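Take a look at the structure set out below.
The values are calculated or read from the model by the stated rules, or taken from the named source; none is laboratory data. Given the structure is predicted, the values throughout are model-derived calculations rather than measurements. Here the Cβ is made from the backbone with ideal geometry for all residues, glycine too, and neighbour counts use every protein chain on show.
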Amino acid sequence: MDSDRRGWRPCLLGAAVFAVCMAGTTLPTPLYGLYQEKFGFSELTVTVVFAVYAFGVIGVLLLAGNASDVVGRRPVLLGGLACAAASAVCFLCATGLGWLYAGRLLSGLSAGLFTGAGTAYVMELAPDDGASRSRATFVATAANMGGLGCGPLLAGVLAQYAPWPLYLPFAVHLALVACSAAVLLGLAETVRDRRPLSTVRPQRLSLPAQVRSVFGPAAVASFVGFALFGVFTSVSPAFLAQSLDVHNHAVSGLIVALAFFASTAGQLAVGRVGAGRSLPLGCVALLVGLALLAGALRWDLLALVVLSAIVGGTGQGLAFRGALSAVAGASPPDRRAAVISALFVVAYAGISAPVIGVGLLVGPIGLEGAGLVFIACMAVLVSAAALYLLRRPTRTPAVR
């Protein structure tokens, strides 16, 4: 790629495209209650609809996670925008549960295509020097998590204060996706040696022997952090409405957004805290966030929900960036991509499996009881990871 095609303007434009796509994946969060009223399904169905997204992401990571290295960044990202647009159309046309499943699956496919390719693209568009590369890493992170946070905030505000709450958010996102496609077509391709799509092969997930001791606690912390996000984005609006009598969609969207914005701040703090300490500190913050959420469920306190979103989100950001640094630093260069892909698969499994478990428990023991069981299980996992890390601290490369 020619140096005159790089710079902060194309880098920020690429980040904006990244953020628009990721915003679409969390857009339905404050609207699930309205869909329940319209279609009459249970809380379990809400969690399954939500979890379908994670299946889409994992499928793409396993089958085509390296596609942008082969065919180029822009074709893959355009494919991601096409899936995002198709997802919005499914929600706009939704006349039954099948449309919601299709919309969430397409949303997961879009996120899977953008997760690796979008991050690489934003970093490659930045000026080619050391200081710029470290800033571009944060720009990519902020676009990812910031976009995830903007989705529920946008949908919540529109659903609360504008007409057509189940249609306008997706119409607005569809327009933003169209603008993003136009922007993307104006940006340069960053992959020099491109090959046909037929040469893309499924990635083989594997763990070299020297990575296994590091991967275990890193994977557990990632699983718990993403599980906490999964609960916030799937069932927290129902808890706010049923237990705290908060029916304002904008407030529900804001609380979910706070968790993602806090994660961005946590990932930024890794540069100051140090990669070696960020993983155990992130585990501790996740544990505190879970405790605050348990208190919110037990005593029906909105303030504790907000604090849980902020503290838990910060812990997720610290832990996940620390986990990435740990497994990348321990991996041999020729196996690094496969190891990182394995970490992402575990992380996205955290969004789906525990959330469906919460949905299964809601019927017999209620939403609050199911939430407390989830918190207890996640607390045991993250405590075990934290104790392991305190006894055997990992050596990780510096994060700028």
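For this structure, a couple of remarks:
- Qualifying residue in region 145-158 (condition: surrounded by fewer than 20 Cβ atoms within 10 Å (Cβ to Cβ), among the β-branched types (Val, Ile, Thr) and in contact (Cβ under 8 Å) with a residue 60 or more places away in the chain): yes
- Screening region 374-394 for residues that are aliphatic (A, V, I, L, M) and modelled with pLDDT under 90 and picking the one that is surrounded by the fewest Cβ atoms within 10 Å (Cβ to Cβ) gives LEU390.
- Scanning region 27-61 for residues that are among the aromatic types (Phe, Trp, Tyr) and not in a loop (DSSP other than H, G, I, E, B), we see that the one that is surrounded by the most Cβ atoms within 10 Å (Cβ to Cβ) is TYR53.
- Taken across region 69-81, residues that are more than 19 Å from the chain's Cα centre (by Cα) and over 27 Å from ARG9 (Cβ atoms) do occur, with at least one present.
- From ALA23, ALA19, ALA15, residue being under 18 Å from PRO127 (Cα atoms), surrounded by 21 or more Cβ atoms within 10 Å (Cβ to Cβ), not basic (Lys, Arg) and not assigned by TED's automatic domain parsing to the domain that holds ALA370: ALA15
- Residue within region 308-316 that is closer than 19 Å to GLN242 by Cβ, assigned by TED's automatic domain parsing to the domain that holds SER383 and in contact (Cβ under 8 Å) with a residue 40 or more places away in the chain present: yes
- Scan of region 62-79 for residues that are buried (at least 24 other Cβ atoms within 10 Å of the Cβ) and assigned to a helix (DSSP H, G or I), ordered by number: SER68, ARG73, VAL76, LEU77
- Test: residue in region 293-309 that is assigned to a helix (DSSP H, G or I), within 16 Å of the chain's Cα centre (by Cα) and modelled with pLDDT of 95 or more: yes
- Residue in region 200-210 that is touching a Gly at 6+ places or on another chain (Cβ under 9 Å), aliphatic (A, V, I, L, M) and in the same structural domain as ALA386 (by TED's automatic domain parsing) present: no
- Qualifying residue in region 159-172 (condition: of a type outside the set (Asp, Glu) and in contact with a Gly (Cβ under 7 Å, 6 or more places away or on another chain)): no
- Helices (runs of 4 or more DSSP H) within region 85-200 that include 2 or more residues within 22 Å of ALA347 (Cα to Cα) and of a type in the set (Gly, Ala, Ser): 97-125, 130-161
- Residue list for region 269-285, filter: among the hydrophobic types (A, V, I, L, M, F, W, C), in contact (Cβ under 8 Å) with a residue 60 or more places away in the chain and buried (at least 22 other Cβ atoms within 10 Å of the Cβ): VAL270, ALA275, LEU279, CYS283
- Selection of region 317-352 for residues being touching a residue at least 60 places away in the same chain (Cβ under 8 Å), touching a Leu at 6+ places or on another chain (Cβ under 7 Å), hydrophobic (A, V, I, L, M, F, W, C) and within 23 Å of ALA291 (Cα to Cα) yields ALA319, ALA323.
- The single condition among (1) under 17 Å from PRO169 (Cα atoms); (2) surrounded by 17 or more Cβ atoms within 10 Å (Cβ to Cβ) that THR95 does not satisfy is (2).
- Screening region 311-357 for residues that are under 14 Å from the mean Cα position of the chain (by Cα), more than 18 Å from ALA140 (Cα to Cα) and hydroxyl-bearing (Ser, Thr, Tyr) and picking the one that is surrounded by the most Cβ atoms within 10 Å (Cβ to Cβ) gives TYR348.
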